[in-house]
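Structure, as structure tokens:
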Amino acid sequence: MSLLLASVGFGLVTSAVLAIAAVGFTLQFAVTDVLNLAFAAVMTAGAFAAYLVNEAGASIWVAIVAAMAAGAVLSAVLNYVVYTPFQRRGAAPITLVIISLGTALIVEFGIAALAGGINVSYLMSQGKTHDLGGLILTTVQLIIIAISLVVMVGVYAMLRYTKLGKAMRATAANRMLARSCGIRAGRVIAITWGLTGALCGLAGTVFAIDVGSFNASSTDIFLILILAAVFLGGPGNAYGAMLGALVIGLGTEVSAAYIDADYKYVVAFVILLAMLAVRPTGLLGAAT
Amino acid sequence: MSADALTATGVTAGYGGDPVIRSVTLRAQAGQIVSVVGPNGSGKSTLLKAIAGVLRMSAGKVVVAGRDLTNAAAEVVARSGVGYVPQVDDVFAPLTVRENLEMGGYLVARSAVPDRMEHVIEVFPRLGSMLRRQAGKLSGGERKMLAMGRVLMLAPSVFLLDEPTANLAPAIARTLLEEQVTTLARSDAAVLIVEQRARAVLAVSDYTYVMGGGELRLSGTPAELTESPAFVESFLGGHRDQAIQRSEADDHADTGKA
Ligand SMILES: Nc1ncnc2c1ncn2[C@@H]1O[C@H](COP(=O)(O)OP(=O)(O)OP(=O)(O)O)[C@@H](O)[C@H]1O
Ligand SMILES: [Mg+2]
């Protein structure tokens with residue numbers, strides 16, 4: 001019982017981290033048409049940016065802002081320098097996936113070259129532990145969950161109620177028709193890279209906080225979990241990604257409590273494959 | 001010439017290979033309904049796409065209200081007061097009906113949006129009862145009405161309508177042409193409309209262009225065209241007298257599809 005509860009606690013934290021990343025990834029994909037496999041590498045770049053600011057003396061919770069800025073800038077740069085030029089030249093979506101994989105390696109090795117291959121961790125305290133009806137969570141873990149909830153509500157509100165959010169959904173649904181409505185799709189796409197890049201930097205930092213110590217390639221496997229959550233929910237569907245993150249986060253951590261923890265990523269994909277066999281478009285389908 | 005809301009001159013465009021339409025010239029004045037008819041594949045949609053900025057033209061010129069929009073980006077064309085309803089993919093499927101209308105009014109000041117929406121619902125009353133529904137789950141006819149309502153939100157000075165009556169029952173199609181499309185033109189906009197239902201659209205047109213094989217074949221007022229035996233033969237299905245006497249039920253005799 002307490003093993004189950006403990007693993008549920010871990011699962012919720014993993015879900016919270018994963019949800020931020022998966023929502024960013026899926027929105028990016030929906031609006032820009034790029035399945036950006038460099039997403040996890042940009043997460044790491046954000047985590048390192050936070051590390052630098054944290055090293056310089058700032059609290060990690062302040063450093064998160066630097067990570068978001070770094071993620072936004074790096075993503076916008078990747079869009080301008082890599083993805084949009086290739087899209088303009090008519091590169092097929094599958095070609096862009098391969099290009100993004102190459103980009104991931106370049107970003108990752110770039111970080112490794114700058115930071116060295118060493119593991120780093122933030123200067124921070126984990127805070128007290130709290131017993132929430134058997135769920136044991138630290139203050140830091142509670143903060144991560146709270147940040148994630150705020151992001152989810154914020155993304156929901158933006159997509160539903162703001163002009164920009166609706167323009168993003170319209171652009172995702174039908175870019176040409178959006179332009180015929182007068183929406184400057186190119187600008188919406190650039191803003192989307194910035195916003196989802198900020199989520200990416202945030203996700204990278206809370207990921208690094210959660211795992212404790214990290215290096216340039218720490219998010220490699222996490223990318224797999226992001227993809228599982230995104231496709232479980234239906235690619236391009238932000239609410240699907242939230243649901244997918246919850247299922248994958250809980251599924252991997254709870255299973256890890258009962259079977260060898262090394263298999264938890266296998267579990268993620270077993271869940272995904274089983275679900276896709278039943279609903280090939282994902283839990284909530286493709287649309288946001 | 002400057003009185004024309006829309007002038008397209010020598011438009012030549014295609015999809016990468018040989019041009020699909022060659023040197024098409026047409027004009028429409030404010031308050032006019034100008035129709036384009038022709039068999040399937042004759043290039044009607046291609047022409048509208050080129051005017052709407054969705055497709056690059058390799059030659060030609062498009063002027064809207066005195067402004068040169070030749071090969072302008074689609075969003076620039078929209079910002080110049082051109083409302084385009086494509087033949088397919090004409091709504092934002094995952095968005096609700098209300099959100100679709102809001103996107104149609106994207107360029108409209110926020111404070112003016114509710115009034116515009118009210119006006120659109122006056123013109124298309126059925127939209128009013130389905131504002132919360134997802135556009136992708138509407139019937140083909142409901143979708144077309146939404147697509148029309150969407151461009152009406154912009155209150156454009158030029159409407160480009162690509163087969164707005166597709167998927168509509170013949171009687172409803174006729175009503176749409178006679179009432180709603182006519183309403184659009186009455187608001188002092190120019191309506192350029194592509195239609196398969198030659199007879200029905202002729203009845204509401206001020207002027208009609210006939211396309212064939214990517215070129216303009218004929219043009220004239222409906223009265224002039226119905227004097228042309230070749231036109232009557234190919235588009236209205238039979239001799240002129242017979243054609244005119246045809247029963248209502250045949251009214252949707254489709255150009256080219258027949
Ligand atoms: N996206 C495209 N890529 C390549 N060729 C196209 C494309 N769209 C249309 N065509 C070709 O251009 C020609 C004209 O097509 P267009 O859609 O303009 O005809 P249309 O008159 O609108 O026909 P319909 O009455 O069936 O709508 C056709 O031969 C068609 O095969
Ligand atoms: Mg067509």
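The values are calculated or read from the model by the stated rules, or taken from the named source; none is laboratory data. Note that this is a predicted model, so its numbers are computed, not measured. Backbone-built Cβ (ideal geometry, glycine too); neighbour counts: all protein chains shown. Surface accessibility is based on the protein's heavy atoms, side chains included, excluding ligands, DNA and RNA. Shrake-Rupley method; radii C 1.70, N 1.55, O 1.52, S 1.80 Å.
Points to keep in mind about this one:
- A simple rule links phi to the HN-Hα coupling: the Karplus curve 6.51 cos²θ - 1.76 cosθ + 1.60 with θ = phi - 60°, which for region A:247-259 gives 5, 5, x, 5, x, 5, 6, 5, 5, 5, 6, 10, 10 Hz, with x for Gly and Pro.
- Distance from the C-alpha centroid of region A:236-271 to that of region B:171-195: 54 Å, rounded to the whole angstrom.
- Nearest 10 degrees, 0 to 90: helix A:185-211 Cα axis against chain A principal axis: 10
- Antiparallel content of DSSP bridges confined to region B:4-227, in %, to 5: 55
- Relative contact order [Cα under 8 Å, 6+ residues apart], chain B, whole percent: 25
- Taking only the Cα atoms of region B:76-134, the radius of gyration and Dmax are 11.8, 32 Å.
- If R0 equals 60 Å, the separation of the Cβ atoms of A:Val62 and B:Gln180 corresponds to a calculated FRET efficiency of about 0.55.
- Evaluated at q = 0.08, 0.11, 0.20 Å⁻¹, the base-10 log of the normalised Debye intensity for region A:64-217, with identical point scatterers placed on the Cα atoms, takes the values -0.32, -0.59, -1.32.
- Charge dipole magnitude, Cβ of K and R +1, D and E -1 - the protein assembly as shown, Cα centre, debye nearest 20: 460
- DSSP assigns beta bridges within the protein assembly as shown; of those with both partners inside it, close to 60 percent run antiparallel.
- Förster-model FRET efficiency, 51 Å R0, A:Val150 and B:Glu227, C-beta, rounded to 0.05: 0.10
- Taking 0.36 nm per residue of separation and subtracting the Cα-Cα distance, full extension of the segment from A:Leu123 to A:Asp210 would add 30.0 nm.
- Taking one quarter of the surface of the convex hull spanned by the alpha-carbon atoms of region A:161-245 gives a direction-averaged projected area of 6.5 nm².
- Mean projected area of the Cα convex hull of chain A, taken over all directions, amounts to 15.2 nm².
- Non-local Lys pairs in chain B, i.e. 8 or more apart or on different chains, that have alpha carbons under 19 Å apart: 5
- Computed with the Debye formula from one identical point scatterer per Cα of region B:4-227, without solvent, the log10 of I(q)/I(0) at q = 0.11, 0.14, 0.15 Å⁻¹ comes to -0.50, -0.82, -0.95.
- Whole-percent carbon and sulfur share, accessible surface of region B:4-227, 1.4 Å: 49
- Note on region A:136-288: Rg/Rh from Cα positions, Kirkwood definition for Rh, rounded to two decimals, is 1.01.
- Residue-averaged beta-carbon neighbours from other chains (10 angstrom radius) around B:93-100: 4
- Buried area at the A-B interface (accessible, heavy atoms, 1.4 Å probe, summed, Å²): 2000
- Taking amide H positions as modeled 1.01 Å from N, with prolines and chain starts lacking one, the residues under 5 Å from B:Val20 and 5 or more places away or on another chain are B:Ala13, B:Gly14, B:Tyr15.
- Rounded if a/c under 1.5, otherwise prolate or oblate - region A:5-79, Cα gyration tensor axes: oblate
- Most mobile listed residue (A:Arg184, A:Arg160, A:Arg88) in chain A, GNM with C-alpha springs under 10 Å: A:Arg88
- Qualifying trypsin sites (Lys or Arg not before Pro) in region B:51-126, where qualification requires a DSSP coil assignment and no more than 15 other C-beta atoms within 10 Å, comprise B:Arg56.
- Sites B:Ala203 and A:Phe109 - FRET efficiency at Förster radius 51 Å, r taken between beta-carbons, to 0.05: 0.15
- 20 Å-binned pair-distance histogram of the protein assembly as shown (Cα, whole percent): 20, 43, 26, 10, 1
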